[in-house]
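Read the structure below first, then the notes.
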Amino acid sequence: MSDNDTTDPTSVHDAFFALHHGLPRQGPGSDATTRRLLSSAGPLPSRPRALDLGCGPGRVSLLLAAEAGARVTAVDLHEPFLDELRHTAAARGLTGSISTEAVDMAELPYPDGSFDLVWAESSIYSIGFDKGLRLWRRLLAPGGTLIVTECEWTTAEPSAEARAFWDAEYPLRTAGENTAAAVAAGYTVLEVYPQPESDWDEYYGPLGERADAADSRAPGMSQALAVTRTEITMRREHGAEYGYTGYVLRPRQPVEAKGTQGAEGTEGAPVA
């Protein structure tokens, strides 16, 4: 550690975001995956109202506006990402289709039924899968769809190293457990889509190059680099044990309370 480095959390936070500024993605994903999940949402209004939660620099927002004709509300707490999105939207002639707001995704101010699409790609982890599904359901208009991507185990027996890493960062579940949680939260599961390895390459490739070029003497940077390289190494050595999965979910219609509680817990579950 250099004399200029620091363990001050603000410096590490700033260094972490400095590593990420200008990168094409802030989590594993691809335009192909976004289009695949969008196609599973079913018919949409001619100009759907979309909420992009944890939008980062807005890769999903831009695609939804340009290709689905959506009116997008893009939400993130990191103002520089929103600045980047506004700049890109203006350059592409999409300013009128995308509005940005610095809002906490756990405390959204929008009225019930405000959106036809609520989208959280590589961001629901910040408040947790169950909490996100519970809080965001009210935002969907009738027939609306929630689309999230979530990191989860892809093996029944993760190695001790992988489990220790993820238990400290964000405890993972399996696709079966997350699907059951979505059903229990009142959703019909329209699709469960395991994302391809190339989605990780789109994220870690540019991030790794940025880390290699970073100045470790900058305040907080050595810690930010250590975290980033540990994460990349974990994926390289244990990538067969976990992955990102896309979930396309639609709230079920309310059912009568009499004699329906058992059905409410199983409706929408995938057929084996």
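No lab work stands behind these numbers, since they all come straight from the coordinates. Fair warning: this is a prediction, and the values are worked out from it, not measured in the lab. FYI the Cβ positions are ideal-geometry reconstructions off the backbone, even for glycines, and counts take in every protein chain you see.
Between Ala32 and Arg236, the simple spin-label model (points 7 angstrom out along Cα→Cβ) gives 2.4 nm. The charge dipole of the chain, taken about the Cα centre with unit charges on the Cβ atoms of Lys, Arg (+1) and Asp, Glu (-1), comes to about 1060 debye, rounded to the nearest 20.
Can you order the peptides 127-136, 108-117, 59-68 by their average number of other Cβ atoms within 10 Å per residue, highest first? Could you put the intermediate results ahead of the total?
Numbers: 127-136: 18.8, 108-117: 16.2, 59-68: 22.4.
The densest-packed peptide leads the list: 59-68, 127-136, 108-117.
Length gain on complete extension for the stretch Ser159 to Leu135, per 0.36 nm per residue less the alpha carbon to alpha carbon distance? If you can, show how the numbers build up before the last one.
Numbers: separation 24, 0.36 × 24 = 8.64 nm, distance 3.28 nm.
Length gained between Ser159 and Leu135: 5.4 nm.
The range 180-202 and the range 85-100 have Cα centres separated by 28 Å.
Divide by every residue of the chain the summed helix terms, -39500 (n - 2.57) for each DSSP H run of at least 4, and state the resulting mean residue ellipticity at 222 nm, rounded to the nearest 500 deg cm²/dmol. Numbers along the way, then the final one.
On the way: 10 runs with 110 residues, N = 272.
Helices in the chain give a 222 nm mean residue ellipticity of -12000 deg cm²/dmol.
Taking a span of 20 Å or more along the helix axis (Cα atoms) and a mean Kyte-Doolittle hydropathy of at least -1.0 as the rule, the DSSP H helices of the chain that qualify are 221-238.
So for the range 1-118, averaging the separation of alpha carbon pairs under 8 Å that are six or more residues apart and normalising by length, what relative contact order in percent results? If you can, show how the numbers build up before the last one.
Details: 143 pairs, mean separation 29.2, N = 118.
Dividing the mean separation by the residue count of the range 1-118 yields 25 percent.
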